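So the structure is just underneath, and the comments pick up after that.
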Amino acid sequence: MSVLLEFSMSPLGKGESVSKFVARSLDIIDRSGLPYRVNPMGTVIEGDWDEVFGVVRKCFERMKKDCPRISTSIKLDYRKGKGGRITAKVESLEKKLKRKLKV
């Protein structure tokens, strides 16, 4: 079951800049071996249900070690029988527009 999962996870009460905490999550995501895309508001991961939620859980477990309050947002897109959508969805739009988009 291939899904696209977009999530953002931030500690609360850790000041205005939380990039050092987000960077730790990105290290976990990158080491997972799953396809992913970082954007200014979160990260999209592609894989099967258990894989993507396993990565989110690892990020949460790491963050909760020194962050007593965490805000998390998760959005999920499932499409039966389709893989490679992390790039294919954007490519489909570019084809229809006949130009590259800023990604």
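Here, each number is a calculation from the coordinates, and none is a lab measurement. Quick caveat, the model's predicted, so the values are computed rather than measured. Reconstructed Cβ throughout: ideal geometry from the backbone, glycine too, with neighbour counts over all protein chains shown.
Hey, how many Å between the Cα centroid of region 23-52 and the Cα centroid of region 73-103?
What the calculation gives is 16 Å, centre to centre.
Helix 49-63 against the longest principal axis of the chain: what's the angle in degrees, Cα atoms only, rounded to the nearest 10?
30
Points 7 angstrom from Cα along the Cβ direction at Lys75 and Val103: gap in nanometres?
1.6
Which of Ile45, Leu97, Pro68 sits farthest toward the positive end of the charge dipole of the chain, with +1 on the Cβ of Lys and Arg and -1 on the Cβ of Asp and Glu?
Farthest towards the positive end: Leu97.
Mind checking the dipole of region 2-97: about its Cα centre, +1 per Lys or Arg Cβ, -1 per Asp or Glu Cβ, Debye to the nearest 20?
Working: 19 positive and 13 negative charges, 25 e Å.
Using Cβ point charges on Lys, Arg, Asp and Glu, region 2-97 gives about 120 debye.
So which GluC sites (Glu not before Pro) in region 1-49 pass both tests, a DSSP loop state and at most 15 other Cβ atoms within 10 Å of the Cβ?
Values: sites: Glu6, Glu16, Glu46; in loops: Glu16.
Answer in residue order: Glu16.
Obtain the nm distance between the two label points defined at Leu26 and Val90 by a simple spin-label model: each point lies 7 Å from its Cα along the Cα-to-C-beta direction.
Taking the two extended label points, one gets 1.5 nm.
Say we join alpha carbon atoms closer than 10 Å with springs in a Gaussian network model of the chain; which of Leu12, Leu26, Leu34 then has the biggest fluctuation?
Largest GNM mean-square fluctuation: Leu12.
Specify the angular offset, from 0 to 90 degrees and rounded to the nearest 10, of the alpha carbon long axis of helix 85-97 from the longest principal axis of the alpha carbons in the chain.
The two axes meet at around 50 degrees.
Given the alpha-carbon gyration tensor of region 2-97, what are the semi-axes of its equivalent ellipsoid in whole angstrom, ordered largest first, with each equal to the square root of 5 times an eigenvalue? Can you show the working numbers first?
Numbers: eigenvalues 141, 44, 22 Å².
Semi-axis lengths for region 2-97 are 27, 15, 10 Å.
Against the longest principal axis of the chain, how steep is helix 19-32, in degrees 0 to 90 to the nearest 10, with axes from Cα atoms?
Helix 19-32 and the main axis of the chain meet at about 50 degrees.
With unit charges on the beta carbon (Lys/Arg positive, Asp/Glu negative), name the residue among Ile28, Ile86, Ser17 whose Cα is farthest towards the positive pole of the charge dipole of region 2-97.
Projecting each Cα onto the dipole axis, the largest value belongs to Ser17.
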